[in-house]
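The next block holds one structure in the form of structure tokens; read it before the comments.
The values are calculated or read from the model by the stated rules, or taken from the named source; none is laboratory data. These numbers come from a predicted model, not from an experiment. Here the Cβ positions follow ideal geometry from the backbone for every residue, glycine too, while neighbour counts run over all protein chains shown. Note: accessible area is taken over every heavy atom of the protein model, side chains too, but ligands, DNA and RNA are not part of it. Shrake-Rupley method; radii C 1.70, N 1.55, O 1.52, S 1.80 Å.
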Amino acid sequence: MTADDLVRRREAAEEATRAAGAFHIKHLSSVIAYETKTDPRDVLTQADLEGQVAAKAVIERYFPGETIVGEEDGVAVEDMAKLFAEGCWLIDPLDGTQSYVHAFPAFTAGVAWVQGEVSLAGAIYDAVHDDMYSAARGHGALFNGSPTRVTAPKAMKDAMIGVHIREVDDASVQTFLRTTGNVLHASHGIRLLGCPMLTMAYIATARLDAFAMLSPAKLGPWDLAPSIVVVEEAGGVVAEGTTGLPIKWTDRAIAGASCPELMTELYDVARRGE
């Protein structure tokens, strides 16, 4: 795949996320209608559905006939290995839907092109603030069209760390409380946005030094792929979110950091007391 092709795929991802983001703004209000999926905390809105259609239309215009998988298509993760090998587009039309239905301004649209199980180009768009985070493999990461980098390496005591909790069963809550307490004591501070994709984008723009989910989650590859390419192309590192181990497409949680040393220290600290 040529450099020009990757840049064009990044541009397609940017336009597709903007198309989805337009529906975030269209439907945003203090009272947003939604329905629940199998999990009552996993919600679905018109912005999800219309945003996915709009994003697909953009990609089809740029690259007719290529495979596109959206979060709302219901494709099982375990059935996607062949698609990754051949190359496919992944769309998360609205990450942070729970925040969205409460009009809490921490949600995004994400789009990425994946081939050979590598995230090669992608974009994350925060429509409320009109902020675009994007990258093409080998071309660096961009924030609103300008190059962006992670923070300089630092020890955890000087780092601002993003955290997240998704599952609310007793074991998951206890894990979150223990690990987050460990991180809070050892870091300069913690922040919880409730939107993993936006939190990862903040690492790429030096707003956060690291992010770890630390307790069970239910992310899909459409959540992972945009974050992976944006953070890595900004000079950061990415890992599986509950362990800090190398990430795989079948994983359901994600972590990121400005450097490998901070990632290692973060998980060493979080695991204390196990």
Find how many whole Å separate the alpha carbon centroid of the stretch 200-225 from the alpha carbon centroid of the stretch 76-123. 12 Å
Relative to the longest principal axis of the chain, what angle (0 to 90°, nearest 10) does the C-alpha long axis of helix 46-62 take? 60 degrees
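Beta carbons within 10 angstrom, averaged per residue: use that to sort the peptides 147-155, 191-199, highest first. Don't jump to the answer; show the numbers that get you there.
Numbers: 147-155: 16.6, 191-199: 22.7.
Result, highest mean first: 191-199, 147-155.
If you count only protein heavy atoms with a 1.4 Å probe, what accessible area per residue comes out for the chain, rounded to a whole Å²? Before the final figure, lay out each step's value.
Details: 11390 Å² over 274 residues.
Per-residue value: 42 Å².
With a 1.4 Å probe and all protein chains left in place, how much of the accessible area of the chain comes from carbon and sulfur atoms, in whole percent? Walk me through the numbers on the way to the answer.
Working: 6090 of 11390 Å².
Accessible surface attributable to carbon and sulfur in the chain totals 53 percent.
What fraction of the DSSP beta bridges in the stretch 114-249 is antiparallel, stated in percent and rounded to the nearest 5?
Values: 14 of 20 bridges.
Antiparallel bridges: around 70 percent, rounded to the nearest 5.
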Name the residues whose placed amide hydrogens come within less than 5 Å of the amide hydrogen of VAL69, ignoring near sequence neighbours (fewer than 5 apart) on the same chain. TRP89, LEU90, ILE91
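So if I place +1 on the C-beta of Lys and Arg and -1 on the C-beta of Asp and Glu, and nothing else carries charge, what would the dipole magnitude of the chain be about its Cα centre? I want it in debye, nearest 20. Could you put the intermediate results ahead of the total?
On the way: 23 positive and 38 negative charges, 131 e Å.
Charge dipole of the chain: 640 debye, to the nearest 20.
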What ³J(HN,Hα) values, in whole Hz, does the Karplus curve 6.51 cos²θ - 1.76 cosθ + 1.60 give for the stretch 266-274 when θ = phi - 60°, with x put for Gly and Pro? 4, 6, 4, 5, 4, 7, 4, x, 6
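Sorted by average packing, counted as other Cβ atoms within 10 angstrom per residue and highest first, what order do 201-209, 136-144, 164-172 take? Numbers along the way, then the final one.
Details: 201-209: 24.6, 136-144: 18.2, 164-172: 14.8.
Final packing ranking: 201-209, 136-144, 164-172.
For VAL7 and GLN174 in the same chain, what is the full-extension length gain: residue separation times 0.36 nm, less their Cα-Cα distance, in nm? Numbers along the way, then the final one.
Numbers: separation 167, 0.36 × 167 = 60.12 nm, distance 4.38 nm.
Between VAL7 and GLN174, full extension yields 55.7 nm more.
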Under 5 Å between amide hydrogens, which residues at least 5 positions from LEU192 or on another chain qualify, with H placed 1.01 Å from N in the peptide plane? VAL163
Using only Cα atoms, find the angle between the long axis of helix 221-233 and the longest principal axis of the chain, and express it within 0 to 90 degrees, rounded to the nearest 10. 70 degrees
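Determine the percent antiparallel among the DSSP beta bridges restricted to the chain, to the nearest 5. The partial results should precede the final answer.
Working: 34 of 43 bridges.
Looking only at bridges with both residues in the chain, the antiparallel portion is about 80 percent.
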Violations at 30 Å Cα threshold for listed pairs LYS154/LYS248; LYS26/LYS56; LYS26/LYS157 -> LYS26/LYS157
Taking the chain and counting helices only, DSSP H stretches of n ≥ 4 at -39,500 (n - 2.57) each over all residues, the nearest-500 ellipticity at 222 nm comes to -12000 deg cm²/dmol
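Please get the size of the charge dipole for the stretch 136-232, origin at its Cα centre, with Cβ charges of +1 on Lys and Arg and -1 on Asp and Glu, quoted in debye to the nearest 20. If you can, show how the numbers build up before the last one.
Details: 9 positive and 7 negative charges, 56 e Å.
So the dipole magnitude of the stretch 136-232 works out to roughly 260 debye.
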Based on the mean of other beta carbon atoms within 10 Å per residue, what is the order of 241-252, 10-21, 95-106, most packed first? 10-21, 95-106, 241-252
